[in-house]
1. Under 5 Å between amide H atoms, partner at least 5 residues away or on a different chain: which partners does Ser112 have, H built in plane at 1.01 Å?
2. Whole number in Å², please: accessible area per residue of segment 1-114, 1.4 Å probe, ligands, DNA and RNA not counted.
3. Would you mind working out the accessible area per residue for segment 185-255, using a 1.4 Å probe, and quoting it in Å²?
4. Could you sort His66, His181 by accessible area so the largest value comes first, with the probe set to 1.4 Å?
5. Between Ser33, Ser235, Ser98, find the one with the highest GNM mean-square fluctuation for the chain; connect C-alpha pairs within less than 10 Å.
6. Using modelled backbone amide H atoms (1.01 Å from N, in-plane), which distant-in-sequence or interchain residues come within less than 5 Å of Val121's amide H?
7. Please list 3J(HN,Hα) in residue order for segment 8-22, calculated via the Karplus relation 6.51 cos²θ - 1.76 cosθ + 1.60 where θ = phi - 60°; whole Hz, with x for glycine and proline.
8. Output wanted: per-residue J couplings in Hz (rounded whole) for segment 138-146, from phi through Karplus 6.51 cos²θ - 1.76 cosθ + 1.60, θ = phi - 60°, x for Gly and Pro.
Amino acid sequence: MKKYRGIYLKNEKEIGLMREANRLVSTILDMLSEAVRPGISTMALEEIADKACEDFGVVPAFKGYHGFPFALCCSVNEEIVHGFPSNERILNEGDIVSIDMGVVYKGFYGDSARTYPVGLVPATTQMLLDVTRESLMKGIEQAHPGNNLYDVSRAIQEYAESFGYGIVRRFVGHGIGRNLHEKPEVPNFVPAGLPGVNLRTGMVIAIEPMVTAGTYEVEVLSDKWTAVTKDRKLSAHFEHTIAITSDGPIILSLS
C-alpha cells in the first residue's frame, strides 16, 4: 500500500473490499432505520446490529475499540457522539437518535452514521437533520484529486453556519482502511493557520459533520465517552466513507 505524507493510498482491490465493508454498514443502518420508533430502547437497536454482524460474518468495529463496550454509538438529542446503548433509554416521539456504526470485513473497515427522527419531529428539528446531511454532501462534492482537504472542510462549515448552526470542533472525520482511524484528520471546519493536504487518487476518508442547534462547545459525561452539547441543544451527525478517484469522489457507504 503506497503512502503520501503518511496517508495510505488504496488500490482498486483494496477499495473494492472497503466498498463491501461499507455496503454492509449501510445495510445495517437501513435495518435500524426501520426499527427506530417511539417506545424502542437504544439497547434493542444494539441487539439488531449485533445480530446483523453475526449474520453477515463481520466484526463490529467499535466494540472493544479503546475499551468502547458496544457495536453502536447511539446518541440521543443533545448527545453528539459516542452514546451508550441502554435498556433504560427509551426513544420518545419527537426525539432524534444519531447512530454511528462500523464493521471489519476481510481486514478493512467500514464506517458510516445517520441521525434518525423518532416518529414526527418539529420542523426546526427536521431542518437540523436536513442541513447536516446536505453539509456532508457539500463536503463530498469537493473531494476531488488536486483539491485541498480543507476545501471539503470549508464547504461543510460554510453551509452549516449559513443556517446559524454550530460545527463541532472536538470530533472530526478521518482516513480509514486497515485501521478505523488513519491519517488525515478531516475537520468539518477550516483550522486557522494550517496548510491542509492535497487530495490524491487512492485516499479513502470518512467525512462526518456533527452540527448543533446552538454552541459547538462539548462536554463529555461521567461515562468518559458520551459527548453532549454544552448548552444541551440538539445535535445531528451524518457520515459517509468515500474513495477519492480520478473520476471524483465515490461514496462507498451505500446499500
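The values are calculated or read from the model by the stated rules, or taken from the named source; none is laboratory data. Being a predicted model, the structure only gives us computed values, none of them experimental. Here Cβ is always computed from backbone atoms with ideal geometry, including for glycine, and neighbour counts include all displayed protein chains. Accessible surface areas use protein heavy atoms only, side chains included; no ligands, DNA or RNA. Shrake-Rupley method; radii C 1.70, N 1.55, O 1.52, S 1.80 Å.
1. Excluding prolines and chain starts, which carry no amide H, the hits are Met101.
2. Per-residue accessible area for segment 1-114 comes out at 43 Å².
3. 41 Å²
4. The ordering from most to least exposed comes out as His66, His181.
5. Ser33
6. Hits under the 5 Å cutoff: none.
7. 6, 9, 8, 8, 4, 5, 5, 5, x, 5, 5, 4, 5, 4, 6
8. 4, x, 4, 4, 8, 8, 10, x, x
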